[in-house]
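K.L.:
Take this structure, written in structure tokens, and hold onto it; I'll ask about it next.
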Amino acid sequence: MAMLEVKDLHTSFFTTSGEVRAVGGISFNLDEGKVLGIVGESGSGKSVSAYSVMQILTHPGRITSGSIRFRGQELVGSSEETMRSIRGNKISIIFQDPMTCLNPTFTIGNQLIEAIRLHTNRNRREAKERAIEMLGLVGINEPKKRMKQYAYELSGGMRQRVMIAMALVCEPDILIADEPTTALDVTIQAQILELMSELQKKLGMAIIMITHDLGVIAGLCDEVIVMYGGKVAERGTAEQIFYNPKHEYTKGLMRSIPNIDNDEKERLVPIEGAPVDMLNLPKGCAFAPRCDKAMKVCLEQQPEEYWVAEDHLSACWMNVKEATVLDGPLTKEDIGKIGRDFQEKGEEKGHE
């Protein structure tokens, strides 16, 4: 059984302008010691999915339906007391901007010690020793000195390392890293990613890496989920996503990444248009208005997730079109039959 199981999760924000369906029914599993990457544009639902798992959604957001099970325990609807025993202790999160997450009025040491004493039975002396040990583990020089400093006295890279230390100090089973390298330059980015990879192997924890940058997850993740418009557009192994993408949105993301191995000058192809309006989601595929291969069915009907290969799923009508041997345009009957065939294939694989 997977350590974390998310099934048909729906999360919405009920605003004065209407309901924003930030997450529209995503499902995924996370096994022990594995790294899952969730990638997509800003507003695609990546962070909201993570906050739903942690149960830290703020008003007016709430989970409307679905299931989140951690080691068999249902988290949706759990009491705040139950979630406090899990947050930090079993599941930790690294937020996007460490400067806004670290309290500027307390020293780094005070904040680390507080986290340790909140989730463990260590006394203050033991907690201090553990905090110093963790700062050294994440590569911060002179950890005893840093314990007495404030967040504003540290560089961006060091603040991010402090956030990682704070997230790992209780040795959680799952670490959620929400855009952990966004505010850092490329050199520090590489150091942070290498550090996380080393710690993951050393501590044996599972990681959910959330990012808008495909390059960040290239060499780190075992499985990748591509999100768009609050839904899963495609999921598969990193190799499948990078070398054999099956969703037009994923293909667009890949075309917008520079290829340093190509000797010829190659113009990057951006994805035209603007991200989907989450207040007014289209009837069909959310990506259809920006897709240069959109068909009539894309505008009228949402595609389901279909198995396109072993452990590789995609929610794109182009896969249905490519799967048929019929000549001419697809009819609704053709699409329905092929969709049922894909669905039955997925159900058979699930029973295995």
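None of the figures in this text is laboratory data; all of them are computed from the coordinates on show. This one's a predicted model, so the numbers in the text were calculated from it and none came from an experiment. No Cβ is skipped: glycine too gets one built from the backbone with ideal geometry, and neighbour counts run over all protein chains shown.
K.L.:
Could you calculate the contour length gain from Leu281 to Ser256, that is, 0.36 nm times the residue separation minus the distance between their Cα atoms, to one decimal place in nm?
P.N.:
Once the chain is fully extended between Leu281 and Ser256, it gains 6.5 nm.
K.L.:
Rounded to the nearest 500 deg cm²/dmol, what is the calculated helix-only ellipticity per residue at 222 nm for the chain, with -39500 (n - 2.57) per DSSP H run of length n ≥ 4?
P.N.:
My calculation for the chain gives -10500 deg cm²/dmol from helical runs alone.
K.L.:
If the elastic network links every pair of Cα atoms under 10 Å, which of Ile38, Ile271, Ile108 fluctuates the most in the Gaussian network model of the chain?
P.N.:
Maximum among the listed residues: Ile271.
K.L.:
While we're looking at this one, here's another question. What order do you get for 161-167, 139-145 when each peptide is scored by the mean count of other beta carbon atoms within 10 Å, highest first? Display every interim value, and only then the final one.
P.N.:
Working: 161-167: 24.9, 139-145: 14.3.
Averaged packing, sorted descending, gives the order 161-167, 139-145.
K.L.:
Once you have the Cα-Cα distance between Ala274 and Asp292, take 0.36 nm times their residue separation minus that, and quote the gain in nm to one decimal.
P.N.:
5.1 nm
K.L.:
Size of the dipole of segment 91-171 about the Cα centre, Lys and Arg at +1 and Asp and Glu at -1 on the beta carbon, nothing else charged, in debye to 20?
P.N.:
Dipole size: approximately 280 debye.
K.L.:
Here's a follow-up. Please work out whether segment 120-275 counts as rounded, prolate or oblate from its C-alpha gyration tensor, where a ≥ b ≥ c are the square roots of the eigenvalues and a/c under 1.5 means rounded, while otherwise a/b larger than b/c means prolate and anything else oblate? Walk me through the numbers before you get to the answer.
P.N.:
Working: a/c = 2.66, a/b = 2.01, b/c = 1.32.
Prolate shape, in that a/c is at least 1.5 and a/b is the bigger ratio.
K.L.:
What residue among Leu135, Leu75, Leu268 has the largest mean-square fluctuation in a Gaussian network model of the chain, using Cα springs under 10 Å?
P.N.:
Maximum among the listed residues: Leu268.
K.L.:
Taking segment 91-171 as the region of interest, what is the percent of Cα-Cα pairs per 10 angstrom bin, listed from the shortest bin to the one with the maximum distance?
P.N.:
For segment 91-171, the pair-distance distribution reads 20, 59, 20, 0.
K.L.:
Follow-up. Hey, can you rank 20-28, 93-101 by average C-beta count inside 10 Å, highest first? Intermediate values should be presented prior to the final figure.
P.N.:
Numbers: 20-28: 20.4, 93-101: 17.9.
Most protected by this proxy first, the peptides run 20-28, 93-101.
K.L.:
For the pairs Lys46/Lys293; Lys201/Lys251; Lys90/Lys251, note any where the Cα-Cα span goes beyond 27 Å.
P.N.:
Lys201/Lys251; Lys90/Lys251, as the Cα separations exceed 27 Å there.
K.L.:
Same structure, new question: With +1 on the Cβ of every Lys and Arg and -1 on the Cβ of every Asp and Glu, and nothing else charged, how large is the dipole of the chain about its Cα centre, in debye rounded to the nearest 20?
P.N.:
1420
K.L.:
Hey, another quick one. Order these by the 10 Å Cβ neighbour count, fewest first: Tyr152, Tyr306.
P.N.:
Values: Tyr152 9, Tyr306 22.
Neighbour counts put them in this order, fewest first: Tyr152, Tyr306.
K.L.:
Expressed as a rounded percentage, what relative contact order does the chain have, with Cα pairs under 8 Å and six or more residues apart?
P.N.:
18
K.L.:
Here is a further query. How high is the FRET efficiency between Lys201 and Glu74 when r is their beta carbon distance and R₀ equals 30 Å, given to the nearest 0.05?
P.N.:
Details: r = 30 Å, r/R0 = 1.01.
The computed FRET efficiency comes out at 0.50.
K.L.:
Determine the distance separating the Cα centre of segment 106-159 from the Cα centre of segment 218-262; give it in Å without decimals.
P.N.:
Segment 106-159 and segment 218-262 have Cα centres spaced 37 Å from each other.
K.L.:
Around Tyr249, what is the net charge, scoring Lys/Arg as +1 and Asp/Glu as -1 over all other residues with Cβ under 13 Å from its Cβ?
P.N.:
Residues close to Tyr249 contribute a combined charge of +2.
K.L.:
OK, next. If I take every Cα pair under 8 Å that is 6 or more residues apart in segment 94-183, average their sequence separation and divide by the length, what percent do I get for the relative contact order?
P.N.:
Rounded, it is 46 percent for segment 94-183.
K.L.:
To continue, here is another question. Of Gln191, Ala309, Gly25, which is farthest along the charge dipole of the chain in the positive direction, counting Lys and Arg as +1 and Asp and Glu as -1 at C-beta?
P.N.:
Working it through, the farthest residue towards the positive pole turns out to be Gln191.
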